[in-house]
Amino acid sequence: MGSSGFNWKLADHPKLPKGKTVGLIVLDGWGEANPDQYNCIHVAETPVMDSFKKGAPERWRLVRAHGTAVGLPTEDDMGNSEVGHNALGAGRIFAQGAKLVDSALETGKIYEGEGFKYIKESFPTNTFHLIGLLSDGGVHSRLDQLLLLIKGASERGAKRIRVHVLTDGRDVLDGSSVGFAETLENYLAQLRETGVDAQIASGGGRMYVTMDRYENDWGVVKRGWDAQVLGEAPHKFRNAVEAIKTLRQEPNTSDQYLPPFVIVDENGKPVGPIVDGDAVVTFNFRADRMVMIAKALEYADFDKFDRVRFPKIRYAGMLQYDGELKLPNKYLVEPPEIDRTSGEYLTYNGVRTFACSETVKFGHVTFFWNGNRSGYFNPQMEEYVEIPSDSGITFNVQPKMKAVEIAEKARDAILSKKFEQVRVNLPNSDMVGHTGDIEATVVACKAADEAVKIIIDAIEQVGGIYVVTADHGNAEDMVKRNKKGQPLLDKNGNIQILTSHTLQPVPIAIGGPGLAPGVQFRKDVPNGGLANVAATVMNLHGFEAPADYETTLIEVVDN
């Protein structure tokens, strides 16, 4: 228990008592945005969350949950549940996403890992394929990373390389795909001069080919599969630049929605279908739009569309796209090495812990919270409970999900007085928000608020403390907006629904009968983020946080 060389004993907080039960509630996808009809949290009846905000302003504030606050490269990077829970549990900011890839490429560490060694076994006799977004937008992928990876692979024995490009026009200007394709073509031409057979093999627009998410439309993935694996597409060209220029001239076509195409040789044969023995890397670092293609490439029992053939390949993701599904099984860049998490410290210092969520977020309140670590730190001190999520339906069909069941498990754990920390994730506002169903998301937010009440009532009964926060935004803004903040309309005059996370801050509220008099949020941490929550929670348990943790959000003011 505890790594060697560290002092795991936490100092006592001079002004805060130990032994109080702390109820720690994470509302998934619950951000703070301007109130309007597309803010489902505002529209929903949420009397409990409203009461925190209005009741005690010194015990409610906002924290940052995206961009550099959670280890992502830029302030344009939306937070997500994995990095959010990493930050909440670790108390420090660790590099995530593109930063990890940059570092792994810069140091060459990417070529020493298990993932690269695995795909490299195909290099001597077979083709190395790369599938991903051709863009410098930095949201899902970056062109410079792709070129470095191709260079590194060619230097390490890849003799035949095929790139399957997805054009952007969403995170970058529409029309910029031509320039990106020219840059890639020029680089591959230089490689060919050195004796490496390197070509673009297929392509298509990101919103029409391959990059669907949340199982919204498997037809998108199938169009990509047909071009990339089967070498079949309605359009055939001799090179990708010509393909993109020609297809962009068709009516109602943009980079995002280019139809699939394959590159063929002088005999009309596709130059690069994926076959048995080949190696494949999906080079996007962002997960959400790679999970579906990863399932198609990796799962033997797959029934979402007819794959026609399922080649025996060596497949790796740039990163692991789903930590709970362990998907894909192999990946080139390791997740951040997160040590000394708050959970481990508190367990070592006698804080007995209960953690619970339903399947879709159970790993977040355990695995990700504990620094991408499975299992217990000390099974005598911890209990984790997973409630099975609804399966076989989309979450908007049952928007209440398992909120009540999670809350009742937490209530029972609190009233048992066996635990000093009871930690839950309520997934409703995130999982239902992702479906884009505004009415269902309103129901989901109300259900989450009702679950919070069940837990808070139990905290009241045992004289405990509550901390209510979130991991990133989602349900507070369900519509795409222009630069002035007005809703964007589609060609038919309908609003364009936003199903993604947001860049909004999230609330944190503290309270309960066990909260010592004079505890309030500090005014001198205006840019506080999710990583500041760990030190805050340690204080509420009666301990000082380790010196290298992000600073606590609270202070004790003598009345």
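The values are calculated or read from the model by the stated rules, or taken from the named source; none is laboratory data. Bear in mind that the values here come from a model prediction, so they are computed numbers and not experimental data. Cβ placement follows ideal geometry from the backbone for every residue including glycine, while neighbour counts extend to all protein chains displayed. Remember, those area values only see protein heavy atoms, side chains included, never the ligands or the DNA or RNA. Shrake-Rupley method; radii C 1.70, N 1.55, O 1.52, S 1.80 Å.
Gain in length, Asn378 to Trp218, computed as 0.36 nm per residue apart minus the alpha-carbon separation, to one decimal in nm? Please report the intermediate quantities before stating the final value.
Working: separation 160, 0.36 × 160 = 57.60 nm, distance 4.21 nm.
Full-extension gain reported as 53.4 nm.
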HN-Hα J in Hz across segment 342-347 - Karplus 6.51, -1.76, 1.60, θ = phi - 60°, x for Gly and Pro: 4, x, 5, 4, 5, 4
Kirkwood Rh and Cα Rg combined as Rg/Rh, the chain: 1.00
P(r) of segment 468-547 over all Cα-Cα pairs, binned every 5 Å from zero, in whole percent: 3, 11, 17, 17, 12, 10, 9, 7, 7, 3, 2, 1
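Rg/Rh for segment 410-470 to two decimals, with Rh computed the Kirkwood way over all alpha-carbon pairs. If you can, show how the numbers build up before the last one.
Numbers: Rg = 13.5 Å, Rh = 12.6 Å.
Result for segment 410-470 is an Rg/Rh of 1.07.
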Euclidean distance between Cα centres, segment 116-150 to segment 513-559, Å: 44 Å
Of all accessible heavy-atom area on the chain, the percent that carbon and sulfur account for (1.4 Å): 48 percent
Residues of type aspartates and glutamates that Lys295 reaches as a straight line, Cα spacing below 18 Å, ignoring anything fewer than 8 places off in the same chain: Asp212, Glu215, Asp217, Asp226, Asp276, Asp278, Asp303, Asp306, Asp322, Glu324
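Which whole-number percentage describes the relative contact order of segment 68-118, with Cα contacts under 8 Å and a sequence gap of 6 or more?
On the way: 34 pairs, mean separation 17.6, N = 51.
That works out to 35 percent.
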Span from the segment 61-113 Cα centroid across to the segment 290-306 one, whole angstrom: 27 Å
For segment 98-317, convex hull volume per residue from C-alpha positions, Å³: 116 Å³
Å³ per residue enclosed by the Cα convex hull of segment 295-362: 121 Å³
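Taking every pair of distinct Cα atoms and averaging 1/r, then inverting, what Kirkwood hydrodynamic radius in Å comes out for segment 1-151? Please report the intermediate quantities before stating the final value.
Details: mean 1/r = 0.0493 Å⁻¹.
Radius from the Kirkwood sum: 20.3 Å.
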Modelled label reach - Asp265, point 7 Å along Cα→Cβ, segment 150-191 residues with backbone N closer than 14 Å: 160-161
Cα-projected label distance for Lys491 with Lys9, points at 7 Å along beta-carbon direction, nm: 7.1 nm
Asp50/Glu114 FRET efficiency (R0 56 Å; Cβ-Cβ; nearest 0.05): 0.70
Karplus 3J(HN,Hα) series, Hz, for segment 279-289 with 6.51 cos²θ - 1.76 cosθ + 1.60 (x for Gly, Pro): 10, 10, 10, 8, 8, 5, 8, 7, 7, 4, 9
Segment 457-490 versus segment 266-282: alpha-carbon centroid distance in Å: 45 Å
Spatially proximal lysines relative to Lys99 (Cα-Cα < 16 Å; intrachain offsets below 8 disregarded): Lys109
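Let me check against my output: what whole-number percent is the relative contact order of the chain, with C-alpha pairs under 8 Å and at least 6 apart? All intermediate terms of the calculation are to be shown ahead of the outcome.
On the way: 1298 pairs, mean separation 151.1, N = 559.
Taking the mean separation of contacting Cα pairs over the length of the chain, I get 27 percent.
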Extended-chain gain in nm, criterion 0.36 nm per residue less alpha-carbon gap, Ile387 and Asn186: 67.1 nm
Relative contact order [Cα under 8 Å, 6+ residues apart], segment 6-96, whole percent: 16 percent
Loop-located trypsin sites (Lys or Arg not before Pro) in segment 309-368, at most 16 other Cβ atoms within 10 Å (DSSP): Arg309, Lys312, Lys326
